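Here is the structure we will look at, set down as C-alpha cells.
The values are calculated or read from the model by the stated rules, or taken from the named source; none is laboratory data. Predicted model, so just to flag it, every value in this text is computed and none were measured. With ideal geometry, Cβ positions are generated from the backbone for all residues, glycine too; neighbour counts draw on all protein chains shown. These accessible areas exclude ligands, DNA and RNA; they are computed on the full protein's heavy atoms, side chains included. Shrake-Rupley method; radii C 1.70, N 1.55, O 1.52, S 1.80 Å.
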Amino acid sequence: MKTKIWSVDKNVDNLQSYPQITQSAELLKANQVVAFPTETVYGLGANAKNDEAVKKVFEAKGRPSDNPLIVHIASDDQLLGIVEEIPEQARKLMAEFWPGPLTLIMKRKPGQLSNLVTAGLDTVAVRMPDHQVALGLIRASDLPIAAPSANTSGKPSPTSAKHVEDDLMGRIAGIVDGGNTGVGVESTVLDCTVEVPVILRPGGVTLEQLEAVIGEVRQDVALKNQETAPKAPGMKYTHYAPKAPLFLVKGNQAFLQKLVDEKRSDGLKVGVITAYEHQQDYKADYVVVPGSLADLHTVATGLYDALRQFDELEVDVIFSEMFPDHGIGAAVMNRLEKAAGHQIIKSSRNMCNKD
C-alpha cells in the first residue's frame with residue numbers, strides 16, 4: 001500500500017477546507033486509515049461507525065481486538081449521537097477540560113458505533129482533542145473517528161510524523177504531518193459510569209485537576225492486572241516498550257551507575273534515561289534526557305522520543321531513573337512501568353523484582 005503524506009500548518013485559518021485536510025477526510029469517508037496529530041500523540045484514525053475501517057486499524061497496529069479504542073469527536077452533537085446520556089460530573093469536566101487530553105467513559109448508544117471500537121462493551125471512551133488539525137479533520141469527515149496511537153502495538157507512542165512513518169509506512173493510506181505533539185503522553189481515561197469516577201489510565205489531566213472540579217476521584221487498583229478485560233485503552237498488555245530490555249532503578253545515582261558498569265564490563269551497550277539535573281552523573285554508552293525534574297511536563301513531552309532514540313542507537317539494555325509520581329509524573333511512571341514490563345531493580349536487594 002502506498003502511504004500518502006500531507007504537511008499541514010495547524011495555525012492556518014479554515015483548516016476544515018484546507019486541501020490537505022479535505023483529501024485526508026475523503027480517505028476516512030472511504031473507510032481508509034489515516035494518521036493525524038493530536039495534542040497528546042499521533043492517532044491512527046478510522047470511521048468509528050464502520051467495521052471494515054476499524055478492522056484496518058487493528059491490522060495496521062497488530063493490536064489485540066479485545067483492547068477498546070477511543071472515539072475522537074469535534075462537537076457536542078457528535079457526542080450526543082454516540083452516548084446514551086452525559087452524566088453531570090462528565091458535563092463539568094467537559095466544560096473545564098474539553099478540548100483537551102481527557103477521555104471520558106460513558107454508556108454507548110446502541111447501533112451507532114462498530115462493536116469493534118468498544119470491544120463488545122456497553123460503554124465507549126470519548127474525547128475532544130485540543131489540536132486544530134485533528135478537529136479540522138474530524139469536522140471535514142463529519143464522522144466520529146476511532147483512533148488509538150499511530151504506532152505498532154507495544155512500541156513507544158508517536159509524537160512526530162516521522163515516528164509514524166517508521167512504524168506504519170506502507171501499511172496505512174495516509175499520514176497528516178502537523179508537527180510534533182505537545183503533551184507527549186496520552187489522555188487521562190476516566191470512567192464516568194460509576195458514582196465516584198475512576199481513573200483507568202493516568203494522562204494529560206492529573207488527578208489533582210480532576211478533583212478540583214468534581215471532588216473525589218479514585219484510581220483503578222486493577223491498572224496492573226493483566227487478566228482483567230480492559231474497560232479502556234492502554235490497560236492491558238505491555239506498551240511503549242523499546243527493543244532493548246528496560247529496567248527501572250529505585251536507588252541513588254551511584255547504584256544506577258554500578259548497574260551500568262556491570263553491564264558494560266560484560267561488553268554490552270548500555271543506555272540511561274535520566275532527568276536534566278542528573279545527566280552529568282552517569283557514564284554510559286548513551287545518556288538520554290527527556291526533561292527536567294523542575295517541570296515534569298517536559299519529561300512527559302520527551303519520554304516517547306527518548307525511548308525511540310534507544311532503538312536507533314541499538315543499545316543492549318536500558319536503565320531508567322524513577323520520576324516523582326505526582327501530577328503529570330503519575331502518567332510518566334505509568335508509561336515507564338509498562339515499557340519496562342514492571343521490572344524494577346531496588347538498591348536494597350540489588351535484584352530485579354516484578355512489581
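Could you tell me which GluC sites (Glu not before Pro) in region 187-224 are loop residues by DSSP with no more than 16 other beta carbons within 10 angstrom of their beta carbon? It would help to have the intermediate numbers written out before the result.
Working: sites: 195, 208, 211, 216; in loops: 195, 216.
Taking region 187-224 and a limit of 16 other Cβ atoms within 10 Å, the loop GluC sites (Glu not before Pro) found are 195, 216.
Of 154, 179, 267, which is the most mobile in a GNM of the chain whose springs link Cα atoms less than 10 angstrom apart?
Largest GNM mean-square fluctuation: 267.
Which ³J(HN,Hα) values in Hz, rounded to whole numbers, follow from the phi angles of region 278-288 under the Karplus curve 6.51 cos²θ - 1.76 cosθ + 1.60, where θ = phi - 60° and Gly and Pro get x?
Once rounded to whole Hz, the list reads 10, 5, 7, 7, 10, 10, 9, 5, 9, 10, 10.
If I compute solvent accessible area with a 1.4 Å probe over the protein chains, what percent of it on the chain is carbon and sulfur? Walk me through the intermediate numbers first.
Numbers: 6690 of 14460 Å².
For the chain, the apolar C and S fraction of the accessible surface comes to 46 percent.
Got a sec to turn the phi values of region 17-25 into Karplus ³J(HN,Hα) couplings, 6.51 cos²θ - 1.76 cosθ + 1.60 with θ = phi - 60°, whole Hz, x for Gly and Pro?
Values, residue by residue: 9, 5, x, 4, 6, 5, 5, 5, 5 Hz.
Straight-line reach from residue 2: which aspartates and glutamates have Cα under 13 Å away, leaving out those fewer than 8 places along the same chain?
165
Report, by chain and number, residues whose modeled amide H sits under 5 Å from the one on residue 45, excluding near sequence neighbours (fewer than 5 apart, same chain).
Distant-sequence amide H within range of residue 45: 34, 35, 36.
Taking amide hydrogens as modeled 1.01 Å from N in the peptide plane, which residues meet the under 5 Å criterion relative to residue 50, leaving out close sequence neighbours?
114
Suppose all protein chains stay in the model; what accessible area per residue would a 1.4 Å probe give for the chain, in Å²?
Numbers: 14460 Å² over 355 residues.
Per residue, the chain has 41 Å² of solvent-accessible surface.
Measuring from centroid to centroid over Cα atoms, what is the spacing of region 257-284 and region 177-196 in Å?
32 Å
Would you mind estimating how fast the chain diffuses translationally, via Stokes-Einstein at 4 °C and 1.567 mPa s with the Kirkwood radius over Cα pairs, in µm²/s? List each step's numbers first, then the result.
Working: Rh = 20.6 Å.
The diffusion coefficient I find is 63 µm²/s.
What are the ³J(HN,Hα) values, in whole Hz, obtained from phi via the Karplus relation 6.51 cos²θ - 1.76 cosθ + 1.60 with θ = phi - 60°, for each residue of region 313-326 in sequence order, with x given for Gly and Pro?
Karplus values, whole Hz, x for Gly and Pro: 7, 6, 6, 8, 7, 10, 10, 10, 5, 8, 10, x, 9, 9.
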